[in-house]
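The values are calculated or read from the model by the stated rules, or taken from the named source; none is laboratory data. From a predicted model like this one, the values you see are computed outputs, not experimental measurements. Every residue, glycine among them, receives a Cβ derived from its backbone with ideal geometry; neighbour counts consider all protein chains shown. Please note that ligands, DNA and RNA were not included when accessible areas were found on the heavy atoms of the full protein model with its side chains. Shrake-Rupley method; radii C 1.70, N 1.55, O 1.52, S 1.80 Å.
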Amino acid sequence: MIEGTKSTSPNFTQQNALLVLETYWNISGTLKPLDSFLDQNFLVKTENGNKYVLKIANIETHDEELDLQNKALIFLESNEIPKVIQTLSGEEMLFYKSHWWRVLSFLDGKMLSVIPYHSDELLYNIGKFSANLSNKLVSFSHPSAKRFIQWDLQYATTLLKNWVHFIKDENIKSEILAIVENIENKSEELNNLRKSIIHADLTRYNLLINEEGTDVNGVIDFGDICYSWSIGELVVLLLESIITESTTPFLDAYKVLKSFHTIFPIYENEVRLLYPLMQLRSAIIVSASARQMSLDPENEYVKKQYLVDKKVFSSLQSSQNLFATTMFMAACGFQMFNKIKLDDFSFILNEKTQLPLIDISPISDIYDDGAFLNDKILKNNIDNYLDNGVGFTEYLTPCLQTVEPTGSELETILLGNYVFLSKNTEVFSPFDMIFLRIENGKSIFKTSYFFFYIRGIYHTLQENQDISKGDTLGFVEQSNGNLNFPNHIFMQIDKSGNAPEKCKPSGVLAWKIICENPAFLLPNYAINETISNNKETLFHKRESLIQQSQEYYYKNPINLVRGWKQYLYDENGQVYLDAINNVAHVGHSHPKISSSACKQFKKLNTNARFLYKENIEYAEKILKYFPPSLQTIFFTCTGSEANDLALRLARCYTNENDIIVIDGEYHGNTTAVDEISTCLMDNPTASKSKRSFTHPLIQPNIFRGKYRENEENVAELYAQDVEEKINEIHSENRGVAAFISESLLGSGGGVEMPKTYLKKVYEKVKNAGGVCIADEVQIGFGRMGTHFWGFEKEDVLPDIVTIGKPMGNGYPIAAVVTTKEIAQAYKEKYTYFNTYSGNAVACQIASTVLDIIEEEKLQKKAFSVGGFLKQELEKLIPEFECIGAVYGFSMYLGVDIVLDKKSRKPDSKKALLICEAMKKMGIIIYPTGDYYNILKIKPPLCFTKENAVFLVDKLREILIQLEN
Ligand code: PMP
């Protein structure tokens, strides 16, 4: 078969094809052409919903090849493999008008290529599925299986030599020739490889995945099936389904291989050839693309494909072979290197040196108050922990280096030790070794088994000079360079010759084998056993100690150790853009807030039955943000308590019990507010806990609600519902106690209500004698941009307002603000006591929050950046089928993910996949709403325009992949 000669492709009309189907298979229905370069394929849908694939082979395809495919499908028979549908006369294929026709059953599923996030579960299942396939195919045989096809790796070098001239890029060309030479030098190893029949095309386009993106539904396209090296199956799978486009390629490959190996054990000689064969396969792909480009130079699609293939090829550097192979060997339980024997070395420092352990991991105090942004302060902070200028950092410690996420994994894990020492400290040679050279300030030495690197010393050694164990190696130099640490050296052992100083967390598994811990070269070092922030341990402890009813964001939750402004940092120093935390309103770890909390803690913090000035001063300050009618405050600790109290106030004032709410809203977790919350996301049992006195109004969402954007008077239509609810209450001889709602539906996903809707509802409720409660717990404190409170934006005047969350920027403080009359009515019947409410520390923090909002003009910023972000998100609506609507206002936004624009059906699975993929790119957003399909975006107000651009760019990248 010769690729690139499209002239031989069949070109039957749909009418013709339908006729053949009906005559020979008795199948009728509708046809949809499917992509195929050489053949002609149709998706067949019958009236009763069955689906088939009609495959009309290229004229040059021999029947033996197709018989090989058919027999394999029949042999493998399972729901994960297409079934061969026989003709009416019992044939597996039909020869008609010079072409072979076949009908196969259709397999449901999404191509792996459109799944933007590969969870551990999916990787495990891909490994398992592929290994089972390999296992089964071992006992399959067919006379035509030993055949020549261009994709069979056994013929790759011959083919490459013929094709390499199609490549115009000289670098790529010489790399390909080097790969050919390398493979040819391994002919003996290759001759010893085990062989069997393999699918040989387990690419991301042929593996079909379930809707959730967690399991393999099946595999299609047996066109490349052949008798070849068994390991060839894994070569294609790992290259074309796992590492391409992954941000953690080798860790993903490790996981798949590990799972594969437990079912279809790989031999050591096979593992050692995996990476070189992946390079070979990639070389074939890029050459085939180049060849295609020269045959069809105007074809834009081919040009684009060449660029993709070139990128993958270039990412598979030969210098990575050792790293990749170490990873693969570890996955299969083979030992790549022997451990260094510890019987022949000497310390690099005077034996009396005492070395305290200095924590430079992201959790360390040295970075507090943004010190990681200021070299001088950071240096001072480390100095404070050193003992007479001496100390060392732990092997494999993560460190914190970048402030912002970059969209990919950062190299944060140190593969050696920093040793802080005074200038001119003498350093000794730990081994008998040869000095090779200095490279980028790093002195490189070689022992008989590994390399030894040391940075930060001066010496007069000559290249290739022998040094004996215990000899003077050099002296500590004055710290300079880009790392403004106190004077230090960095030392590292490397068995590869090209290890980086820092690696990505996903590469640790292999690098820690290649670069052993050099700490044994230090005398008297103190490992501090108390540093324990191992994510697995934390996860399991939390599972066993803390209630399980509260779910995590993400299946594999992020282990957070630090926050700074709009950024969050995990235990490995990976950075995330926090686009979800409206609690950290003015930004994480704002130094003014920690400082005011500390100051107050040092003076006084007691319960609310005493007289102290902090709550009074804060009351005065916050009430200035309220209209004249709302001038009495009750302090609470949480938003739930605030709403709970608001209901009591309303019921006490009106002597009624019934509460009108908006459907899909959440107001908290106490029994009373749970009874009136209807949001299924925060309260999955809402429909059960809702009581007869709770009356939800239809959610006024003009995208998916009862009345849509094209209705006239949509606000009025929705508002009519309140009249109905009031009438219902009255018909049972009861009255309305209150209407409670947010002024922008936060739990609903940030839905802005139709203009004047809230005004109308307030009017009707007040006329019926009820009070109106504005729940500002989520959206208040300037987030709405144009106004400080959401109710002001909707131009309504509530009787009670509840506030919380951003109020203390993460410290628990909340409040109810109401009228003198309502407060008085309550006082006449009840007392109110809440131990921690309005404590002095909380009030100082809350007061500082207000100062920061003003000083940093955060309300204005929320309006401009939020407005810009919304506008950018809205651009995605016409670009992507799954973006239904963008909700919200200013810095409280939601993106509604739908199956398709026409049906507007919520697509929660896609929403979750998007969020998981965003997390991998360093951005935190998460699905919300009753259908878990709205991406909630409500960042700290210090979020910048650049952050907005980054967020939308990455979201767009993921959507392109999803809808490709
Ligand atoms: N009201 C609204 C609108 C909320 O979103 C929440 C919390 N998500 C609450 C009240 C309850 O606040 P808290 O969790 O502080 O009790």
Applying the gyration tensor rule to the Cα atoms of the stretch 642-773 (axes a ≥ b ≥ c; rounded if a/c under 1.5, else prolate if a/b exceeds b/c, else oblate), the class is oblate
Of 101-114, 339-352, ordering from highest average Cβ density within 10 Å down gives 101-114, 339-352
Taking a straight Cα-to-Cα line shorter than 17 Å from K905, and setting aside same-chain aspartates and glutamates fewer than 8 residues away, one finds E211, E212, E709, E881, D896, D930, E963
Burial-style ranking of 742-749, 567-574, average other-beta-carbon count within 10 Å with highest first, yields 742-749, 567-574
Any lysines whose Cα falls less than 17 Å from that of K97, other than same-chain ones fewer than 8 residues away, would be K55
Magnitude of the Cβ-charge dipole (Lys and Arg +1, Asp and Glu -1) of the chain about the Cα centre, nearest 20 debye, reported as 980 debye
Across all Cα atoms of the chain, Rg and the largest Cα-Cα distance (Dmax), in Å, are 33.6, 101
Diffing the stretch 937-952: the Karplus 3J(HN,Hα) column from phi (6.51, -1.76, 1.60, θ = phi - 60°), in whole Hz with x for Gly and Pro, holds 10, 8, x, x, 6, 7, 3, 10, 4, 4, 4, 5, 5, 4, 4, 5
Judged on accessible area alone, 1.4 Å probe, highest first, Y836, Y576 line up as Y836, Y576
Cα-Cα longer than 30 Å, checked against K51/K920; K423/K920; K161/K303, kept in input order, equals K51/K920; K423/K920
With a ≥ b ≥ c from the Cα gyration tensor eigenvalues, square-rooted, and the rule rounded for a/c under 1.5, otherwise prolate when a/b > b/c and oblate otherwise, the stretch 383-515 is oblate
With +1 at each Lys and Arg Cβ and -1 at each Asp and Glu Cβ, the charge dipole magnitude of the stretch 715-835 around its Cα centre, to the nearest 20 debye, comes out at 360 debye
Which of K624/K820; K793/K861; K624/K938; K875/K945; K725/K764 exceed 19 Å between C-alpha atoms? The answer is K624/K938
For K602, counting only lysines whose alpha-carbon sits under 18 Å away and dropping same-chain residues fewer than eight positions off, the answer is K592, K613
The percentage of the accessible area of the chain (probe 1.4 Å, all protein chains present) made up of carbon and sulfur atoms, to the nearest whole number, is 49 percent
GluC sites (Glu not before Pro) in the stretch 662-720 lying in a DSSP loop, each with at most 16 other Cβ atoms within 10 Å of its Cβ, come to E709, E711, E712
Among chymotrypsin sites (Phe, Trp or Tyr not before Pro) in the stretch 390-484, those in a DSSP loop whose Cβ has at most 14 other Cβ atoms within 10 Å are Y449
Here the percent of antiparallel bridges among DSSP beta bridges lying wholly in the chain, to the nearest 5, is 85 percent
Expected field for I172, accessible surface area in Å² at 1.4 Å probe radius, rounded to 10, holds 10 Å²
Counting only protein heavy atoms and rolling a 1.4 Å probe, one gets per residue an accessible area for the chain in Å² of 43 Å²
